[in-house]
Amino acid sequence: MMRELVVVGNGMVGQRFVEAVRERDTQRRRRVTVLAEESRPAYDRVNLSSLFDGTTAEDLNVVADGCYDDGAYTLHLDDEVASVDRAARAVTTVRGRTVEYDALVLATGSYPFVPPVPGRDLPGCFVYRTIDDLDAIRAAAVTAPRKGRRAGLVVGGGLLGLEAARALRLLGLSPHVVELAPRLMPLQVDDGGGQVLRRLIESLDVTVHCGTSVTAIARDGDRLLATLANGTELDVDMVVFSAGIRPRDQLARACHLDVGERGGIVVDENCQTSDERIYAIGECACVGGRVYGLVGPGYDMAEVVADRLLGGSATFESADTSTKLKLLGVDVASFGDALATTEGALEVTLNDPVAGTYSKLVVDDAATTLLGGVLVGDASRYAALRPLVGRPLPADPVAMIAPSGEQLGLPDDALVCSCHNVSKATICTAIVDQGLTDVGAVKSCTRAGSGCGSCVPLLKTLLAQSGVATSTALCEHFAMSRTQLFDAMRREGLTTFTSIVERHGRGRGCDICKPAIASMLAGEGHILDGEQAALQDTNDHFLANLQRNGSYSVVPRVPGGEITPERLIAIGEVARDFRLYTKITGGQRIDLLGARVEQLPAIWRRLVDAGFESGHAYGKALRTVKSCVGSTWCRYGVQDSVALAIDLELRYRGLRSPHKIKAGVSGCARECAEAQAKDVGVIATEDGWNLYVGGNGGFRPRHADQLLRDVDTETLVRTVDRFLIFYIRTADRLQRTASWIESLSERGTGGLDYVRDVIVEDALGICAELDAAMADHVASYRDEWADVLDDPERLRRFVSFVNAPDAPDPSITFVTERGQPRPARPLAVVQ
């Protein structure tokens with residue numbers, strides 16, 4: 001006889017429980033009925049803000065395929081449970097449905113806490129909890145007043161508060177975040193980490209107000225005026241409350257189950273309530289006097305109850321509240337006793353305000369055991385550190401968090417995936433016994449990495465340590481590597497994304513493969529035509545660099561830094577007339593910053609008429625070829641570096657690649673153009689040119705390596721041609737030339753020596769093909785902006801608002817600083 005199991009709630013935890021029962025109840029002795037309040041099946045609430053990045057509601061779905069396809073499992077959406085009759089063992093829904101149960105699982109989750117602020121119910125005030133909430137926020141942002149600066153206020157500076165701030169930024173509003181505690185994320189980071197986090201968040205044009213609260217909200221015409229406890233008044237378009245959660249225990253209270261002093265349905269270590277037939281899991285449950293607001297502990301409870309109902313003996317002992325998130329692009333992680341509450345705990349910290357990073361380890365009073373830690377700005381060591389909590393320190397704690405810290409070996413019983421309680425031993429055994437060869441297979445077999453995903457980097461390490469070469473697949477939609485796919489496209493003559501997916505991939509693509517394939521298809525028509533337009537990165541959509549305040553930069557090409565007075569005057573007139581901030585770049589060009597989308601065509605019309613063309617500052621392409629003044633002017637110069645720099649920049653302009661390319665030409669060994677810090681560097685000698693390749697600045701500065709010595713100009717250019725085409729065809733996506741050459745060495749193919757063999761000695765017999773490819777590029781080059789200006793259809797995309805094509809972007813205001821207009825951060829009006 002089948003047992004009736006009723007689940008109230010279909011959030012992430014409730015759905016996890018259903019799937020855990022399905023896995024265990026292979027003979028289908030339980031009939032499971034799920035009653036959900038929302039109209040959508042369970043979705044990933046942790047990643048809600050990705051809906052503003054192009055993710056759809058369907059993409060967030062977490063219901064396993066086929067979960068409700070058989071008669072034993074039924075999901076009723078949009079039918080909230082109204083009451084529980086414990087005596088009759090039945091629940092009744094708002095639609096009048098009555099369902100009897102042998103066991104009842106309450107997975108009702110939580111609701112957002114809204115402080116009792118006068119005016120909290122006014123139009124324009126929202127909570128940040130569900131997809132419907134986000135749809136309402138989006139709709140309000142679209143219809144918000146367009147005159148003047150647009151701003152939004154987020155009440156709460158915790159995890160969800162910063163996610164809400166990110167959402168407002170993506171909607172074009174300037175966010176203010178108000179947090180009652182003296183620091184952001186007070187439950188996860190300490191004072192030191194909070195200071196670094198605040199600096200990083202404020203650098204992204206988010207105004208932070210800590211140590212204060214909102215005391216009133218009032219209508220002010222078509223806007224809202226929020227008053228803070230410190231007297232500050234904020235003029236905003238909307239207010240989003242994200243000040244914490246409260247357990248949804250109303251059903252339990254109504255049917256007289258025990259609840260905690262501060263809310264939550266009281267359960268024991270079996271997750272059983274005061275009624276032995278009723279269980280509670282997730283954010284509605286109170287275990288040991290505590291309510292957990294994270295999905296990980298909820299998953300643990302779901303597994304416990306599924307095990308108990310199927311005859312097991314699992315218990316909920318404790319919860320791992322470790323967290324690793326990227327908030328507004330800033331890495332934040334905390335694990336174990338992050339706030340050092342253990343008696344006698346010692347704190348080891350490294351604070352680098354220049355790099356914007358903060359690292360802390362908490363150890364016991366004998367400095368022999370790791371208790372916890374905090375990472376802000378760089379959380380790359382989180383996956384290796386978290387499993388060591390409660391274990392002897394494997395190294396000096398300072399060395400463990402130093403930028404070039406020691407590699408940490410994990411014991412076999414270390415917990416790698418806290419979401420699913422998967423140990424290192426379980427993963428390594430599965431890799432060997434099941435023949436797993438990639439992270440996806442490890443996820444499917446062990447479930448490790450399928451929760452929050454923070455342990456995925458460690459899974460790759462364990463695969464490598466087990467002797468498995470990790471997958472080189474471009475992404476989940478293409479099993480081929482970028483190089484393999486590029487070769488297949490050229491070989492088969494595929495020129496559209498659709499044909500490439502049909503032939504070699506699956507699905508609809510993603511933000512990994514689309515821009516990568518867009519780069520590979522460069523040269524197959526204009527990048528804003530047809531399917532090409534939908535594949536481009538953010539910058540390429542408008543052929544301009546998006547700045548952090550929502551405006552764009554305009555960077556005309558100035559080959560070699562050489563410019564005529566007439567063109568210089570033209571740039572100055574454009575900057576003056578459009579009130580753009582101007583700056584000489586490190587690559588000998590002039591940046592014009594602060595342009596609105598709808599201004600770009602008018603700006604470029606004047607620049608093109610003055611003889612300029614796109615500088616491709618927005619694309620993964622050649623940026624500049626920097627030059628000194630060379631032998632023409634410098635008394636030390638031995639070759640005409642300016643002429644060569646101009647020739648190289650005009651030759652390689654518009655050359656799309658896996659990452660940006662920078663080059664430099666110095667007229668003598670004094671190296672004033674800093675050529676050895678470039679992807680391609682040329683230094684003049686008495687007898688010709690020395691060629692250097694693989695230098696990069698930025699996050700991992702690296703000098704270039706010498707490839708050729710004392711060669712003539714023809715040999716130099718031919719070799720650079722081959723180097724660039726070979727790099728474009730064989731590098732991974734977003735891989736700079738430095739790491740590309742290093743990766744060749746790691747694969748045992750010889751690194752720079754291998755590159756020399758291929759492009760100088762023609763060891764693979766492909767040099768003629770490489771030469772022809774570059775010749776095709778040079779012959780087919782057309783200026784992207786000039787083509788846009790000649791095409792009314794392409795020009796239609798350059799509007800800030802579809803329903804107001806000529807309206808300026810009201811989120812951008814300007815102040816004068818050092819004599820120039822500069823975008824101003826929103827300022828609070830202080831009484």
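The values are calculated or read from the model by the stated rules, or taken from the named source; none is laboratory data. Since this is a predicted model, take the numbers as computed values, not measurements. Cβ placement follows ideal geometry from the backbone for every residue including glycine, while neighbour counts extend to all protein chains displayed. Ligands, DNA and RNA are stripped out before the accessible areas are found, and what is left, the full protein with its side chains, is counted by its heavy atoms. Shrake-Rupley method; radii C 1.70, N 1.55, O 1.52, S 1.80 Å.
Structure summary
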{"item": "Segment 618-630, subset among the hydrophobic types (A, V, I, L, M, F, W, C) and either at pLDDT below 90 or open to solvent by less than 10 Å² (accessible area, probe 1.4 Å) (or both), residue farthest from GLY586 (Cα to Cα)", "result": "ALA621"}
{"item": "Restricting segment 656-667 to residues that are touching a Ser or Thr at 6+ places or on another chain (Cβ under 9 Å) and among the basic types (Lys, Arg), the residue that is surrounded by the most Cβ atoms within 10 Å (Cβ to Cβ)", "result": "LYS662"}
{"item": "Test: residue in segment 312-329 that is open to solvent by 30 Å² or more (accessible area, probe 1.4 Å), farther than 30 Å from VAL376 by Cβ and among the hydroxyl-bearing types (Ser, Thr, Tyr)", "result": "yes"}
{"item": "Considering residues of segment 346-384 that are under 23 Å from LEU328 (Cβ atoms) and of a type in the set (A, V, I, L, M, F, W, C) only, the residue modelled with the lowest pLDDT", "result": "VAL354"}
{"item": "Cβ pairs under 7 Å, 6+ apart, first in segment 590-601 and β-branched (Val, Ile, Thr), second part of a strand (DSSP E or B) and open to solvent by 20 Å² or more (accessible area, probe 1.4 Å)", "result": "ILE590/THR582; ILE590/ILE584"}
{"item": "Residue match in segment 596-615 (condition: part of a helix (DSSP H, G or I), aromatic (Phe, Trp, Tyr), open to solvent by 40 Å² or more (accessible area, probe 1.4 Å) and farther than 28 Å from ARG733 by Cβ)", "result": "no"}
{"item": "Contacts under 6 angstrom Cβ, first residue in segment 519-543 being more than 20 Å from ALA731 (Cα to Cα) and touching a residue at least 40 places away in the same chain (Cβ under 8 Å), partner crowded, with 17+ Cβ neighbours inside 10 Å and basic (Lys, Arg), 6 or more apart", "result": "LEU528/ARG794"}
{"item": "Filter result (β-branched (Val, Ile, Thr) and either more than 23 Å from GLY664 (Cβ to Cβ) or part of a loop (DSSP other than H, G, I, E, B) (or both)) within segment 555-581", "result": "VAL555, VAL558, ILE563, THR564, ILE569, VAL574"}
{"item": "Answer residue from segment 542-578, given it is of a type in the set (D, E, K, R) and at pLDDT 90 or above and is surrounded by the fewest Cβ atoms within 10 Å (Cβ to Cβ) among those", "result": "GLU566"}
{"item": "Odd one out for THR341, checked against (1) farther than 24 Å from LEU162 by Cβ; (2) among the hydroxyl-bearing types (Ser, Thr, Tyr); (3) loosely packed, with under 14 Cβ neighbours inside 10 Å", "result": "(1)"}
{"item": "Some residue of segment 113-124 being touching a residue at least 40 places away in the same chain (Cβ under 8 Å), open to solvent by less than 50 Å² (accessible area, probe 1.4 Å) and not in a loop (DSSP other than H, G, I, E, B)", "result": "no"}
{"item": "Test: residue in segment 205-213 that is surrounded by fewer than 20 Cβ atoms within 10 Å (Cβ to Cβ) and free of Cβ contacts under 8 Å to residues at least 40 places away in the same chain", "result": "yes"}
{"item": "Within segment 92-112, considering residues that are in contact (Cβ under 8 Å) with a residue 60 or more places away in the chain and of a type in the set (D, E, K, R), the one least open to solvent (accessible area, probe 1.4 Å)", "result": "ASP102"}
{"item": "Whichever residue in segment 668-682 is without any contact (Cβ under 8 Å) to a residue 24 or more places away in the chain and within 17 Å of THR632 (Cα to Cα) and, among such residues, is least open to solvent (accessible area, probe 1.4 Å)", "result": "GLU671"}
{"item": "Residue match in segment 19-34 (condition: within 24 Å of GLY96 (Cβ to Cβ), out of contact with any helix residue (DSSP H, G or I) (no Cβ under 9 Å at 6 or more places or on another chain) and basic (Lys, Arg))", "result": "yes"}
{"item": "One residue from LEU458, LEU408, LEU436, LEU463 being buried (at least 19 other Cβ atoms within 10 Å of the Cβ), farther than 26 Å from THR315 by Cα and modelled with pLDDT under 80", "result": "LEU458"}
{"item": "Residue among ALA768, ALA779, ALA786, ALA775 that alone is touching a helix residue (DSSP H, G or I) at 6+ places or on another chain (Cβ under 9 Å), loosely packed, with under 14 Cβ neighbours inside 10 Å and at pLDDT 70 or above", "result": "ALA775"}
{"item": "Residue in segment 639-655 that is surrounded by fewer than 24 Cβ atoms within 10 Å (Cβ to Cβ), part of a loop (DSSP other than H, G, I, E, B) and without any contact (Cβ under 8 Å) to a residue 60 or more places away in the chain present", "result": "yes"}
{"item": "Hits in segment 478-514 (condition: at pLDDT 85 or above and acidic (Asp, Glu))", "result": "ASP487, GLU492, GLU502"}
